[in-house]
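All remarks here apply to the structure that follows.
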Amino acid sequence: MEHGSFTNDSFASFTLAEEDHTLANAVRFMLNQELVLLLLSFNPFLPRVTFAGYSIPHPSLECVNVRVQTTGDPAREVLKDACQELMLMNRHVRSVFDKAVSEFKVEQARLAAEEEKKKKAEEDELKKQRDLLASMDIESD
Amino acid sequence: MTTKGEKRIVSEEDKIFAKNFNIMDHPDIPTGLPPHLQLQRTRVLCKNDAPIHTASVSYSGAYNAVGVDNSVKLENFSENFKVDVIEISKDGMELTFDMIGIDAAIANAFRRILLAELPTMAFEKVFIANNTSIVQDEVLAQRMGLVPIAADPKLFEYLSENDQPNEKNTIVFKLHAKCAKVLTEQLIWLPNGSDLVKESGDSNSKPKTYTSFSRSQKESFPEFADNPITPSYPDILIAKLGPGHEIELEAHAVKGIGKTHAKWSPVATAWYRMLPEVILLGEVEDEDAERLVKACPENVFDIEDMGNGRKRATVARPRECTLCRQCVRQNYGEEVNKGVEEKEWIENVSLRRVKNHFIFKIESTGSLPPDVLFTEAVKILEDKCERVIANLS
């Protein structure tokens, strides 16, 4: 639900139902990060947002109000872009995490196999020594 | 030097040079933020009484006046984001990993979703046929609800008020105990549904039970054909019985999320802490070094020999720091003996946290391994964003 102005769509308040701090804080962060690339200027990055914040009107009601004020772009578009960026970020997090976990598991398996090999080699050594001692005993007898 | 009235000829090269000139390229001009601002932006300073600079500077244009871009735009994020898995416990149910390059808002979102919005299976309805123990019915039912069940919730559907409990949304367990200690290993899975008969007027038709399974769960879920569904741990104590006491009950497990009730939370707990950074602001030598090393209960500091019998304290294991602040306390928290100088050590040690480096620990209760839980949590955040985008379009 969007509460804005009919004449100027660069600022609006959005009500997200059935949401809480989980999504609202993440979206607020992404909104603050929204940039547009300008060329040929001292600083080529221009922020798209002048104000981004959220509030929870009452803790018993499951709803969040997100306020967006932009530097010209329609507020709805900026919010959509922020959510889109958040989705892409999540996808990237997921892929990096999966890769890290599978690499770790492979490494653990490799280390475990090496440990096994070492243990076996030690056991074989011990066995050899025992056999050698046993054969020496027989000889002495 | 030109005098008044003389024309200066500007060559083409000069024009091109002027057009492309950017003061920031000059080698003497410092780029980036001055170090004190960089410290404020990236570190939480844990002072003796309270931490400062805790809020993350999230606005992309915060440092525009200095020409520094404060954004974590996707390309930078992809390059700088890293995950390092530190440890997976032997039974695979505890996971410790580092997330570097992400903001607290999103890390907290993951933590909140892990605790409250990942579905699990837990006992919701407990049909008690016989309970002669000293544990009251409702207390017994509440304890049953908290028993973790090792079943993948993705295979099951939610049971809403209008639905009939069937093999796709309910797991039925039976408990009939007469022995002194009632443990979870005495819970028996009933793949064919409830055994308790609902009393109905017809004596001709087939007796109806509390669930309507059309076929055995062993057929519908091939994973459970050979491995029966069990609680995650067989030795959880449910109740203690005296001589002659008996408990006979049937429990139905359904799918739910932690928001509704904590029994549906798939993690024992999930938390993160920021990477601690301990900096010695000045040289700590000899006797002071010894006292500093002794003061820290986590052995963060070490003694280093400098030669000539002089010693120096160094930071060996900053990651272990728990912010107990013993190293910055007056006199290291030791009792003040008469005649010993009281010193303030706040100037020598700086306790900091790195704002975008999180050490996550996830402890799963047994339904799913922790790495799967985290992946699911990220997927749920993605779904939330998608829902918002769909509502806006």
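Please treat every number below as a calculation from the coordinates, not as lab data. Bear in mind the structure is a predicted one, so any value in this text is a computation, not a measurement. Counting neighbours? That spans all protein chains shown, and the Cβs are built from the backbone with ideal geometry, glycine included.
Counting charges near B:L95 (Lys, Arg +1; Asp, Glu -1) among other residues having Cβ under 9 Å from its Cβ returns a value of -3. Taking GluC sites (Glu not before Pro) across segment B:215-246, the ones in a DSSP loop with at most 16 further Cβ atoms lying within 10 angstrom of their Cβ are B:E246. Between the residues B:L37, B:V135, A:P47, the greatest Cα displacement towards the positive end of the dipole of the protein assembly as shown, with unit charges on the Cβ of Lys, Arg, Asp and Glu, is found for A:P47. Using the Cβ-Cβ distance between A:K99 and A:A121 with R0 = 41 Å, the FRET efficiency computed as 1/(1 + (r/R0)^6) comes to roughly 0.80. Note on segment B:204-275: with charges restricted to the Cβ of Lys and Arg (+1) and Asp and Glu (-1), its dipole about the Cα centre is near 400 debye.
The chymotrypsin sites (Phe, Trp or Tyr not before Pro) of segment B:121-161 include none that meets both criteria, a DSSP state outside H, G, I, E and B (loop) and at most 10 other C-beta atoms within 10 angstrom of the site's C-beta.
What you get for segment A:1-120, charging only the Cβ of Lys and Arg (+1) and of Asp and Glu (-1), is a dipole of about 700 debye around the Cα centre. If you run the Gaussian network model on chain B, springs between alpha carbon atoms under 10 Å, then out of B:S232, B:S265, B:S58 the most flexible one is B:S58. Segment B:65-131 and segment B:245-297 have Cα centres lying 14 Å from one another.
Averaged over the residues of peptide A:95-107, the number of Cβ atoms from other protein chains lying within 10 Å of each residue's Cβ is 5.
Gain on full extension, evaluated as 0.36 nm per residue between B:F17 and B:D195 minus their Cα-Cα distance, stands at 55.2 nm. Among the trypsin sites (Lys or Arg not before Pro) found in segment B:80-167, those both in a DSSP coil and sparsely packed, with 15 or fewer other Cβ atoms within 10 Å of their Cβ, are B:K90. Couplings 3J(HN,Hα) for segment B:77-86, derived from phi with the Karplus relation 6.51 cos²θ - 1.76 cosθ + 1.60 (θ = phi - 60°), are 4, 4, 6, 8, 7, 9, 10, 10, 7, 8 Hz, where x marks Gly and Pro.
Sites counted here are chymotrypsin sites (Phe, Trp or Tyr not before Pro) in a DSSP loop (not H, G, I, E or B) having no more than 13 other Cβ atoms within 10 Å; the longest part of chain A that contains none of them is A:43-141. A crude spin-label estimate for the pair A:H21 and A:D9, with each label 7 Å from Cα along the Cβ direction, gives 3.4 nm. Based on the Kirkwood approach, the hydrodynamic radius assigned to the protein assembly as shown is 29.3 Å, with every pair of different Cα atoms included. Pairs exceeding 23 Å between alpha-carbon atoms, taken from A:K105/B:K218; B:K181/B:K361; A:K119/B:K82; A:K80/B:K379: A:K105/B:K218; B:K181/B:K361; A:K119/B:K82.
So the label point goes 7 Å from the Cα of B:S56 along Cα→C-beta, right? Which residues of segment B:63-82 then have their backbone N under 14 Å from it? Under cut-off, by backbone N: B:70-74, B:77-78, B:80-82. For chain B, B:C46, B:C179, B:C296, B:C321, B:C324, B:C327 have no disulfide-compatible partner, since no other Cys C-beta lies under 4.7 Å from theirs. Look at the stretch B:373-384: the mean tally of other chain Cβ atoms within 10 Å of its residues' Cβ atoms is 5. What you get for the protein assembly as shown, charging only the Cβ of Lys and Arg (+1) and of Asp and Glu (-1), is a dipole of about 1260 debye around the Cα centre. Eigen-decomposition of the gyration tensor built on the alpha-carbon atoms of segment B:79-141 gives equivalent ellipsoid semi-axes of 42, 16, 9 angstrom, largest listed first. Compared with the alpha-carbon gap, the fully stretched path from B:R317 to B:R8 is longer by 104.7 nm at 0.36 nm per residue.
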